[in-house]
Amino acid sequence: LHQHNVPPSIALSVIKQAETRIMRKTRVSENDVKILGLLSSSLRSEMRVSMFDRHIQSLPVLRFWAVTSSSFTRELCSGAVELLCLADADDLFQATMTASKAYYLVSGQLQYVQEPESAKVDDVTTTRVYPNSWLCEAALWTEWTHVGTAEALKECELMELDATGLIHTVLRHRLIRELAVSYGCAFHQQLITAGNQPTDLCVPNTAWTEIVPELPSDVQKFIGLSVIHKDVVAPHLQAVLLELEDQVNQGRCALVRDSDGEVKRFV
């Protein structure tokens, strides 16, 4: 540091953080456990599904695709998903950087900061991000540039979903591929017409229940019928189910499951 004339104030911060991190016990990552490389590909795939499935299914569009194809989640876990661990004060991403991944916060806490220089805000804005939150979903469907910086406030564990890996997985499945094209177009349209400025944390009007009504009628029909056929109902409700199926087939309503798994009906 002295050799490169680093100012004392910065040098002190560097030394302090380095000493702290040397002493800290870090989480063991999958790549650190060499014995996992000896497992059969099928068993390792099963292990990764057990690790990531519940996080993947928390994004409704991915949950629907998982229902559409029994192999989708397994392929996604093998080719597009990784576990990421951050120490406190680590950056997850920085403003103005090109985004290529979406993130799901499993544990810990992040701080998301936007500044006037890189985002359409008048003053510096700070938002806390808590577990079970998705970040940067826009990177999966658009050419997205981060408009804020996310930093770990404490040790964090995240699932990262690579956009390129997701595309490669989607392309292996004809039905999902067609759904993905429609979903991506609808997401992009909501993004460019958003009244409030989109951020890495939220793009207005892109919840699953808001996207589905914007999809082509044949896609809405496919989604609605999938919702109906998945449910097992009591005999006395069969007439209601048949009426709903008739409405979906005629394009008179759309059915979709929200993020809590509840069925919503749109006319």
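The values are calculated or read from the model by the stated rules, or taken from the named source; none is laboratory data. Note that the structure is a prediction, hence the values are computed from the model and not measured. Here Cβ is always computed from backbone atoms with ideal geometry, including for glycine, and neighbour counts include all displayed protein chains.
Taking into account only those residues within the range 131-182 that are among the polar types (S, T, N, Q) and free of Cβ contacts under 8 Å to residues at least 60 places away in the same chain, which is farthest from GLY108 (Cα to Cα)? This residue is SER182. Candidates are the residues of the range 105-117 that are more than 17 Å from the chain's Cα centre (by Cα) and among the polar types (S, T, N, Q); the one that is surrounded by the fewest Cβ atoms within 10 Å (Cβ to Cβ) is GLN111.
Checking the structure you have, find out if any residue of the range 168-185 is assigned to a strand (DSSP E or B), surrounded by fewer than 20 Cβ atoms within 10 Å (Cβ to Cβ) and in contact with a helix residue (DSSP H, G or I) (Cβ under 9 Å, 6 or more places away or on another chain). So far as the range 168-185 goes, no, none of its residues is assigned to a strand (DSSP E or B), surrounded by fewer than 20 Cβ atoms within 10 Å (Cβ to Cβ) and in contact with a helix residue (DSSP H, G or I) (Cβ under 9 Å, 6 or more places away or on another chain). Could you look through the range 191-201, keep only residues that are within 17 Å of the chain's Cα centre (by Cα) and of a type outside the set (Ser, Thr, Tyr), and pick out the one that is nearest to GLN94 (Cα to Cα)? Of everything passing the filter in the range 191-201, ASP200 is nearest to GLN94 (Cα to Cα). In the range 71-102, which residues are in a loop (DSSP other than H, G, I, E, B) and within 17 Å of ILE167 (Cα to Cα)? Hits for the range 71-102 are SER71, ALA80, ALA99, SER100.
Within the range 118-145, the residues that satisfy the criterion of being surrounded by fewer than 17 Cβ atoms within 10 Å (Cβ to Cβ) and modelled with pLDDT of 95 or more are ASP123, VAL124, THR125, THR126, THR127, ARG128, TYR130, PRO131, ASN132, GLU143, THR145.
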